[in-house]
Amino acid sequence: MSRSTRSLDLRQGHVDMSHGGGGRAMAQLIEELFMEHFDNELLRQQNDQAAFNVAAGRMVMATDSHVVFPLFFPGGDIGSLSVHGTINDVAMAGARPLYLSAAFILEEGFPLADLERIVRSMARASRAAGVPVVTGDTKVVERGKGDGVYITTTGIGVAPEGARISADRAQPGDAILINGALGDHGVAVMSSRENLSFATNIESDSAPLHTLVAAMVEACPDIHCLRDPTRGGLAATLNELAGQSEVGMVIRERDLPIREEVAGACELLGLDPLYVANEGKLVAIVPGEAAQRLLALMRAHPLGREAAVIGRVIEDDHCFVQMKTAFGGTRMVDWLAAEQLPRIC
Amino acid sequence: MKHVDEYRNGRLARAMARAIAAEARPGRVYRLMEFCGGHTHGIHRYGIPGLLPDNVRMIHGPGCPVCVLPMGRIDAAIELANRPEVILCTYADMLRVPGSRRTSLMQARALGADVRMLYSTLDALKIARENPGREVVFFAIGFETTTPPTAMAVKEAQRLGLGNFTVFCNHVLTPPAMRGILAQPGVMIDGFVGPGHVSAVIGRDAYEFAAREYAKPLVISGFEPLDLMHAIRLLIRQLNEGRAEVENEYARVVSDRGNPIALDLMDEVFEQRPSFEWRGLGMIPHSALRLRDEFAAFDAEQRFALAAGPVPDNKACECADILRGLKQPQDCKVFATACTPDNPLGACMVSSEGACAAWYTYGRHRKRRRA
Amino acid sequence: MCLAFPARVLTLQDAAMATVDIGGVRKEISLGLLEGVKAGDYVMVHVGYALSRIDEEEARKTLALFAEMERRFGEDGGA
Ligand code: SF4
């Protein structure tokens, strides 16, 4: 590729239509930004695709589009989120993630400095996780037709032979585990939205969970279900699993790990932490007798220090998720009707 | 968190449940209405029905401003939002509530209307200052709690000489609505759990009529679960002793006379409407507020000619009987079938504080009880 | 209706605004509806306004009633 004479102005420059036009400007953006930061052997071959051999086992593939406002929030940004989110989706099949692809939709006028910050953060996240971005794509849309940047990542991985983790395998008697505190990501993002105007020290829990999953699967190959409670929070995830497995669930409020600041923010906004998003959490449904062993193992992992057994699976034709409240009563934990909005009443 | 955790103690809850069971006489049924939707929400969120004896029944009242707002007023708000010059500001609670054509402000926004979510009335003034070429309308809803902040915004707009700020006023009043319920034929309510935060504004004394004119005991309660159970216990005791008094369980927040600054401000800016429609209850005299003539310049109903008129509710809806204590949500034929929180047909399903929505969301696992 | 939360007043900006704390979360609120609020007071906050001051003495009395009730009806109590 011929080098342009002037390099990208990463301090003052902005995305313009030419960066998606297939010409020299686009080549320059790819070379000086994406190649520079994501650098790896497969990417260096500069093909429109990446070709590689895979180990024996079941292939697992997942894709996730990332739109988040604001793009930068305490504990992460859209870049790290787009890496962690897809790694986690692959890992929830019990798989070892191998490679990622990344597609960027950029809005005309988006500052190149912000884009560089995002790409750096993505590259850092992918390197730390050991899952390289091996192919990608960039498009530019006119000003006003995007929110700065959208990132779609796709991941593939391999699951060991015999692993049969699936959302329809929860059985009465199973234990429900979580690897740590609920609601950090959602509260961190909300606290950085200017119009909500509240301040906390809470950071997003955005993290890649594949090493934790690998340790769990090795110790307990018979894990029935794994899922990351992202949008809709723990409540949505448990309802999905209960519905797909045609079982009921009972969780204990007293055992749910929730930070005081998250509880405080939820009081203030009229939200329920059970419905607030997480980006570094997993729910595991495992045979009851394996629960304590797995819990000890999770707590020994840096991403599972605050792990807890939070409930159990029961028989229930209605597939209801119920909660024993810390106060001593019982209530349902239903699906949300729609996105949770701050309430005044 | 101080002033929160002390009132959510599970050990005390079990003791309180025993105390209530010891006090409730097996031979009679106690039908207690919590007027306030926040109480309804709390009762279900903490699973209180499961801690009460079978003969202590909670009847969920109309105290949710989102639920009781007639569909015609939502139609009017959507009509306002659809005017190209208007920025319509409101609390998030209102965004998803459907009007008569099954569209909501959220959907109007999706089609291009400029609808903004607010956390404080002062934000609406900021938007008005930043957009001098647009008309900023605050779609105001709520009881006596939310009204003083609206009054503050109107006064502040006047002080700043903001010509592009108006209020579409839907503020409603608690005591007249309670009267409205008590005056209905055949009500089956033995006593009231009185609202906590409304009472912080209007004061304990505002409820004397319930005890004096209708011989109903009323206990003002806080929103934490122990507060609620405590209030329930005090009501049972009054009923057992044949008393009908106003008691204040929430004295840490509620005084006898209320908040004088807030009351003066409300009185300065607003006056009573002769009558106002409550969804599920019909017309109730003197139950809502409008801006006084001195503040007519800030009244959206005067600035804009609104075409939307009243619309009747779905015929199958049993809200009127539910709110009188005669029926329970499960008695309604369309409960949890045609009528759900995603597609509410009646007032009681509109927000998570409505009687039907609270049952749907939190209580469907419980077996049905006879009213 | 009328969701409100108890918050501790951290600092007063001026007569009209204050920063409050709830569970480690800080927020700016208006004091326009209350008089004589001091740092350290607890207030009930609704839609960004302090609606009333929390009376510590009354709170203590209510909690004392609960404690008394627990003595009579608690796990190891009489009744
Ligand atoms: S279920 Fe719907 S239609 Fe039936 S009473 Fe409740 S709100 Fe009305």
Open item on the list: Need pairs with beta-carbon distance below 7 Å; first residue away from every other protein chain (no Cβ under 14 Å) and of a type outside the set (Phe, Trp, Tyr) and within segment B:265-280, second in a strand (DSSP E or B) and within 16 Å of the ligand (Cβ to nearest atom); sequence gap 6+ or separate chains.
Closed with: B:GLY280/B:PRO62
TODO: Just give me the residues in segment A:165-210 being within 28 Å of C:ARG26 (Cα to Cα), modelled with pLDDT of 95 or more and among the acidic types (Asp, Glu), in sequence order.
DONE: A:ASP184, A:GLU203, A:ASP205
- [ ] Report yes if B:GLY363 is in contact (Cβ under 8 Å) with a residue 12 or more places away in the chain, more than 12 Å from the ligand (Cβ to nearest atom) and more than 12 Å from chain A (Cβ to nearest Cβ), otherwise no.
- [x] no
Task: Flag if B:GLY50 is open to solvent by 40 Å² or more (accessible area, probe 1.4 Å) and at pLDDT below 95 - done: yes
Task: From B:VAL201, B:VAL193, B:VAL253, B:VAL219, residue being assigned to a loop (DSSP other than H, G, I, E, B) and in contact with a helix residue (DSSP H, G or I) (Cβ under 6 Å, 6 or more places away or on another chain) - done: B:VAL253
Task: Test: A:ALA265 is open to solvent by 10 Å² or more (accessible area, probe 1.4 Å) and within 14 Å of chain B (Cβ to nearest Cβ) - done: no
TODO: Within segment B:327-344, track down each residue that is within 7 Å of the ligand (Cβ to nearest atom), under 21 Å from B:GLN107 (Cα atoms) and modelled with pLDDT of 90 or more.
DONE: B:CYS339
TODO: Would you check if B:GLY282 is in the same structural domain as B:ARG73 (by TED's automatic domain parsing) and within 16 Å of the ligand (Cβ to nearest atom)?
DONE: yes
Open item on the list: Pairs please, first residue from segment B:326-338 and hydrophobic (A, V, I, L, M, F, W, C), second anywhere and within 7 Å of the ligand (Cβ to nearest atom) and open to solvent by 50 Å² or more (accessible area, probe 1.4 Å), Cβ atoms under 9 Å, 6+ apart in sequence or on different chains.
Closed with: B:VAL334/B:ASN314; B:ALA338/B:ASN314
- [ ] Kindly indicate whether B:ILE43 is within 26 Å of B:THR145 (Cα to Cα) and either at pLDDT 95 or above or under 26 Å from the mean Cα position of the chain (by Cα) (or both).
- [x] yes
Open item on the list: Please pick out the residue among C:ILE29, C:ILE22 that is closer than 22 Å to A:ARG343 by Cβ and out of contact with any helix residue (DSSP H, G or I) (no Cβ under 6 Å at 6 or more places or on another chain).
Closed with: C:ILE29
TODO: Out of B:GLU271, B:GLU277, report the one residue that is under 22 Å from B:ARG101 (Cβ atoms), more than 8 Å from the ligand (Cβ to nearest atom) and in a strand (DSSP E or B).
DONE: B:GLU277
TODO: State all residues of segment B:199-227 that are under 15 Å from B:GLU247 (Cα atoms) and either outside the structural domain of B:GLY180 (by TED's automatic domain parsing) or open to solvent by less than 10 Å² (accessible area, probe 1.4 Å) (or both); if no residue qualifies, say none.
DONE: B:SER199, B:ALA200, B:GLY203, B:TYR207, B:ALA210, B:PRO217, B:LEU218, B:VAL219, B:ILE220, B:SER221, B:GLY222, B:ASP227
Open item on the list: Just the residues that are under 21 Å from the mean Cα position of the chain (by Cα) and free of Cβ contacts under 8 Å to residues at least 60 places away in the same chain, please, taken from segment B:213-244.
Closed with: B:LYS216, B:PRO217, B:LEU218, B:VAL219, B:ILE220, B:ALA231
Task: Sole residue being open to solvent by 10 Å² or more (accessible area, probe 1.4 Å), within 12 Å of chain A (Cβ to nearest Cβ) and among the hydrophobic types (A, V, I, L, M, F, W, C), chosen from B:MET71, B:MET117, B:MET94 - done: B:MET117
Task: Residue in segment B:125-171 that is most open to solvent (accessible area, probe 1.4 Å), counting only those that are more than 17 Å from B:VAL86 (Cα to Cα) and polar (S, T, N, Q) - done: B:GLN158
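Conditions tested, residue by residue: (1) out of contact with any Cys (no Cβ under 7 Å at 6 or more places or on another chain); (2) open to solvent by 40 Å² or more (accessible area, probe 1.4 Å); (3) within 11 Å of the ligand (Cβ to nearest atom); (4) not in a loop (DSSP other than H, G, I, E, B).
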site: B:GLN302; (1), (2), (3), (4): yes, yes, no, yes
site: B:ALA308; (1), (2), (3), (4): yes, no, no, no
site: B:PRO312; (1), (2), (3), (4): yes, yes, no, no
site: B:LYS315; (1), (2), (3), (4): yes, yes, yes, no
site: B:ASP321; (1), (2), (3), (4): yes, no, yes, yes
site: B:GLY325; (1), (2), (3), (4): yes, no, no, no
site: B:SER352; (1), (2), (3), (4): yes, yes, no, no
site: B:ALA358; (1), (2), (3), (4): yes, no, yes, yes
Task: Filter result for A:LEU238 (under 14 Å from A:ILE178 (Cα atoms), in contact with a Gly (Cβ under 9 Å, 6 or more places away or on another chain) and either within 14 Å of chain C (Cβ to nearest Cβ) or open to solvent by less than 30 Å² (accessible area, probe 1.4 Å) (or both)) - done: yes
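The values are calculated or read from the model by the stated rules, or taken from the named source; none is laboratory data. None of these values were measured; they are calculated from a predicted model. Heads up, the Cβs are rebuilt from the backbone with ideal geometry, glycines too, and the neighbour counts pull from every protein chain shown. Heavy atoms of the whole protein, side chains included, go into the accessibility calculation; ligands, DNA and RNA do not. Shrake-Rupley method; radii C 1.70, N 1.55, O 1.52, S 1.80 Å.
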